[in-house]
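Heads up: the structure comes next, in structure tokens.
The values are calculated or read from the model by the stated rules, or taken from the named source; none is laboratory data. These numbers come from a predicted model, not from an experiment. Positions of Cβ are backbone-derived with ideal geometry, glycine not excepted, and every protein chain shown enters the neighbour counts. To get the accessible areas, we keep the full protein, side chains included, count just its heavy atoms, and leave off ligands, DNA and RNA. Shrake-Rupley method; radii C 1.70, N 1.55, O 1.52, S 1.80 Å.
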Amino acid sequence: MVAAEKQILLSHSGIGKQYPGVQALSGVSLDLQPGEVHALVGENGAGKSTLSKIIAGLESPDAGGMVFKGASYAPSGKREAEEQGIRMVMQELNMIPTLSVAENIFLNRLPSRMGIINRNQLEEASRKVIHQVGLDTIQPATPVGALGVGQQQMVEIAAGLSQSCQLLILDEPTAALTDRERELLFKQIRRLKLEGVCVLYISHRMEEIKQISDRITILRDGVLQGTRNTSETETSEVIKLMVGRDLDEVFSSTQRQRGKCALRVDGLSRGNKVREASFELHKGEILGFAGMMGSGRTELMRLIFGADQKDSGNIYLDCSDLPIQIKSPKDAVLAGIALLTEDRKEQGLLLPLSISSNTPLARMEGVSRRGWINFPRQYSIAENFRKKLSIKCHSVNQHVKTLSGGNQQKVVMAKWLYRDAEILIFDEPTRGIDVGAKFEIYSLLEELAGQGRAIILVSSDMPELLAVSDRIAVMSNGLLTGIFNRGEWSEDKIMEAALSGYASEQAEGIEDGKQ
């Protein structure tokens, strides 16, 4: 029996696009099918956004062509693409903050008569749309500027979902969303699939791609690396196609030798968030911290760094028998401890300032005298770290807010490396960055450990912890429930430890109920 031929909605043939000094796309050919979620992946600069903008009519290719529903397709702009049934929800928010939620959703098609907007009809229509994405608690008349970034992103998505289309392009749609908002979005994507809509899903979050997509197309440096069926493809294969190498190639095949004790934590506690946590960290070691969200990992790191105050317990440095008093982050920094926070944008960087202004923040005395900043020295230091960490930018005068997530993280690292901290705590350092940037950060961690730095890596990415760590400590419900050496751990053992703190609490509750 001959299998039915797959229907093609949009096909590309030899698409090329060049900008001054950059070949963004080169000979890209692929097809999109009705009723599928087609993931488009690659590092920053791989060409994902360029290709999607060409499809949406925001850019024109320099070479090649497209066929949409059997006819030649070359939109002159976004409006023409939308008229043919192709819509795009971009990563950059395109809302007008002074207008209401309802006005933003129906901006180009406000219900009106004789030039007067029908407010009742507008609000009724917008309520149906925002209900689809779970924004029931938001009033349609609310100004968009009064919403959080995640809610604004959902309004942007709602606007895209509110219009009938045959191809919907979603560019990093979950970047600012909560888990609940993401699940609501996935529910709508599945609904569109059933209606025969093709969704082109651009993301660097591999767990999402495996969950929601049917096929994956991989780009590297503007060149197509292949298209795979998601269900038949391992994540490791996709990553290798994206970056050109395996994760194992980043790390030394020989076991690192641990040095002397750099940090000892003894019975550190804060309420129920962290309870009697004790461990040692050695020089030249990467100690991973695993656990579920809210397990106490971040809270423990904040206690060590003095960002929160402990109820009990002590911290010791360099094999000393005398505890060190850390009452504030300033004390921790002076003691040689650095914390690269989970939220780099809010807590790690001054986004409106340049790379050169951010780099010396943890050691301003190195670039200033009597309150006056030596700008040539500041520039020189930032330039050295730009080269050392391969920070991709036009110059170190570029504002940090314009950098990609991975390059922002490198600026945070530069800040602490300039401080010359011996103990480095990385809290989710690769969250929200593309795979290529992750590999670069893994290489930096390997290099720093080789220099004898003592490193703590907090991560929710289990393959990352297994690949990077020398030992893995597990937090569960505020308790440190286990520490595993390389070669002794398994994902099952780590997961069991990650759940054990909650299971013991439940058992205690049952026992209390019997008494």
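General remarks:
A quick yes/no check of all residues on (1) modelled with pLDDT under 95; (2) assigned to a strand (DSSP E or B); (3) open to solvent by 10 Å² or more (accessible area, probe 1.4 Å):
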{"site": "446", "(1), (2), (3)": "yes, no, yes"}
{"site": "452", "(1), (2), (3)": "yes, no, yes"}
{"site": "456", "(1), (2), (3)": "no, yes, no"}
{"site": "465", "(1), (2), (3)": "yes, no, no"}
{"site": "473", "(1), (2), (3)": "no, yes, no"}
{"site": "482", "(1), (2), (3)": "yes, yes, yes"}
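- Annotation: residue 392 fulfils all but one of (1) in a helix (DSSP H, G or I); (2) open to solvent by 20 Å² or more (accessible area, probe 1.4 Å); (3) more than 21 Å from residue 453 (Cβ to Cβ); the unmet one is (1).
- Screening 300, 281 for residues that are in a strand (DSSP E or B) and either under 23 Å from residue 418 (Cβ atoms) or modelled with pLDDT of 90 or more (or both) leaves exactly one candidate, 281.
- Within region 264-299, restricting attention to residues that are out of contact with any strand residue (DSSP E or B) (no Cβ under 8 Å at 6 or more places or on another chain) and closer than 20 Å to residue 429 by Cα, the residue that is surrounded by the fewest Cβ atoms within 10 Å (Cβ to Cβ) is 293.
- Residue match in region 122-130 (condition: open to solvent by 30 Å² or more (accessible area, probe 1.4 Å) and out of contact with any helix residue (DSSP H, G or I) (no Cβ under 9 Å at 6 or more places or on another chain)): yes
- Cβ-Cβ under 8 Å pairs, at least 6 apart or on other chains, region 100-116 side β-branched (Val, Ile, Thr), far side open to solvent by 70 Å² or more (accessible area, probe 1.4 Å) and part of a loop (DSSP other than H, G, I, E, B): 101/139
- Residues of region 44-71 satisfying the condition of being more than 17 Å from residue 198 (Cβ to Cβ) and touching a strand residue (DSSP E or B) at 6+ places or on another chain (Cβ under 7 Å): 46, 47, 49, 50, 59, 61, 62, 63, 64, 65
- Scan of region 98-132 for residues that are within 18 Å of residue 145 (Cβ to Cβ) and not in a loop (DSSP other than H, G, I, E, B), ordered by number: 100, 101, 102, 103, 104, 105, 126, 130
- Region 34-46: number of residues that are open to solvent by 10 Å² or more (accessible area, probe 1.4 Å) and touching a Leu at 6+ places or on another chain (Cβ under 6 Å): 1
- Candidates 313, 294, filtered to the one that is outside any strand (DSSP E or B) and among the small types (Gly, Ala, Ser): 294
- Candidate set: region 336-359, residues that are of a type in the set (S, T, N, Q), open to solvent by 20 Å² or more (accessible area, probe 1.4 Å) and under 23 Å from residue 455 (Cβ atoms); chosen: the one modelled with the lowest pLDDT: 347
- Single residue of region 18-33 satisfying the filter (of a type outside the set (S, T, N, Q) and in contact (Cβ under 8 Å) with a residue 60 or more places away in the chain) that is surrounded by the most Cβ atoms within 10 Å (Cβ to Cβ): 25
- Complete set of residues in region 419-438 that are in a helix (DSSP H, G or I) and either modelled with pLDDT under 85 or open to solvent by less than 20 Å² (accessible area, probe 1.4 Å) (or both): 435, 436, 437, 438
- Residue pairs whose Cβ atoms lie under 8 Å apart, sitting 6 or more positions apart in sequence or on different chains, and linking a residue in region 307-329 that is of a type outside the set (D, E, K, R) to a partner that is part of a loop (DSSP other than H, G, I, E, B) and open to solvent by 90 Å² or more (accessible area, probe 1.4 Å), are 309/327; 316/322; 319/260.
- Applying the condition of being modelled with pLDDT of 80 or more and closer than 14 Å to residue 189 by Cα to region 134-167 and asking which residue is most open to solvent (accessible area, probe 1.4 Å) yields 166.
- Per the conditions (1) at pLDDT 85 or above; (2) open to solvent by 20 Å² or more (accessible area, probe 1.4 Å); (3) closer than 30 Å to residue 422 by Cβ, the sole criterion not satisfied by residue 493 is (3).
- Among the residues of region 164-181, those that are among the charged types (D, E, K, R), over 11 Å from residue 151 (Cα atoms) and out of contact with any His (no Cβ under 8 Å at 6 or more places or on another chain) comprise 171, 179, 180.
- Identity of the residue in region 61-83, open to solvent by less than 70 Å² (accessible area, probe 1.4 Å) and either in a loop (DSSP other than H, G, I, E, B) or of a type in the set (Phe, Trp, Tyr) (or both), that ends up nearest to residue 168 (Cα to Cα): 68
- Residue within region 373-381 that is at pLDDT below 90 and in a helix (DSSP H, G or I) present: no
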